[in-house]
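The values are calculated or read from the model by the stated rules, or taken from the named source; none is laboratory data. Since we're looking at a predicted model, the values are computed, not measured. When we count neighbours, we look across all protein chains shown, and the Cβ atoms used for this are built from the backbone with ideal geometry, even at glycine. To get the accessible areas, we keep the full protein, side chains included, count just its heavy atoms, and leave off ligands, DNA and RNA. Shrake-Rupley method; radii C 1.70, N 1.55, O 1.52, S 1.80 Å.
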Amino acid sequence: DFAYNVEPDGRHVFVPRAVLGIVESSVNPGFQARTETFESIREAPSNGYVTDRVVPIAVGERYVVRSRITCVTIGVPKYGKIEILSFDDVARTVTFRILTNDNCGFKGLEPGLPDN
């Protein structure tokens, strides 16, 4: 749902699908910067995602992410959280950790099964 790029000025960025010209639905994939620790991010919000411009990223930053609509039968996206761990400028790669909730439309972002 996004691409990774190193800009000519050396900035590392995530590029949402809409910026690449790929718009398929009313819900575009996007990023929302967060200040809490990775473990403290417990639930994804419904709105407020950056979908229409590149997202500059740096080591240690965390984001809540929303996918495109992947659950077609009920028309909802999936949610997750990402923490940037490192960059390899020679290989032009980014390493991050991610936790996704593969339950269509559910916004909980903690490992394991929910209490209720």
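Hey, what's the chain come to in accessible area per residue, 1.4 Å probe, Å²?
Result: 59 Å² of accessible area for each residue.
Which FRET efficiency, nearest 0.05, do Glu36 and Leu85 yield, Cβ-Cβ r, R0 22 Å?
My answer for the efficiency is 0.85.
Just how much of Asp52 is accessible, in Å², when a 1.4 Å probe is used and the result is rounded to the nearest 10?
Counting only protein heavy atoms, Asp52 exposes about 110 Å² to solvent.
Rounded, prolate or oblate: pick one for the chain, where a ≥ b ≥ c are the square roots of the eigenvalues of its C-alpha gyration tensor, a/c under 1.5 means rounded, and failing that, prolate if a/b is larger than b/c, else oblate.
The shape class here is oblate.
Counting only residues 5 or more places away or on other chains, whose amide H sits under 5 Å from the amide H of Val76 once H atoms are built in the peptide plane?
Thr70, Cys71
Give the long-range amide H neighbours of Ala3: residues separated by 5 or more places, or on another chain, with amide H under 5 Å away, using H modelled in the peptide plane at 1.01 Å from N.
Residues meeting the criterion, in which the H sits 1.01 Å from N, are Val15.
About the Cα centre of the chain, what is the dipole size in debye to 20, counting +1 per Lys and Arg Cβ and -1 per Asp and Glu Cβ, all else neutral?
220 debye
Mind checking the full-extension length gain between Phe106 and Ser26? Use 0.36 nm per residue of separation minus the Cα-Cα distance, one decimal, nm.
Extending this stretch completely gives an extra 27.0 nm.
Using the Karplus equation 6.51 cos²θ - 1.76 cosθ + 1.60 (θ = phi - 60°), what ³J(HN,Hα) coupling, rounded to whole Hz, does each residue of segment 41-50 give in order, writing x for Gly and Pro?
6, 10, 8, 8, x, 7, 10, x, 8, 7
HN-Hα J couplings of segment 72-78 from phi, Karplus 6.51/-1.76/1.60, θ = phi - 60°, integer Hz, Gly and Pro as x?
4, 5, 10, x, 10, x, 10
Expressed as a whole percentage, what fraction of the accessible surface of the chain belongs to carbon and sulfur atoms when a 1.4 Å probe is rolled over the protein heavy atoms?
Its accessible area is 51 percent carbon and sulfur atoms.
Taking the dipole about the Cα centre of the chain, with the C-beta of Lys and Arg at +1 and of Asp and Glu at -1, give me whichever of Tyr4, Thr95, Val23 is farthest to the positive side.
Working it through, the farthest residue towards the positive pole turns out to be Val23.
How high is the relative contact order of the chain? Use alpha-carbon pairs under 8 Å, at least six apart in sequence, and give a whole percent.
Reported relative contact order: 23 percent.
Which residues does a label at Asn5 reach in segment 25-52, if reach means a backbone N under 13 Å from a point 7 Å past the Cα toward the Cβ?
So the set is 52.
Below 8 Å between Cα atoms, with a sequence gap of 6+, how large is the relative contact order for segment 33-91 in percent?
Relative contact order for segment 33-91 comes out at 35 percent.
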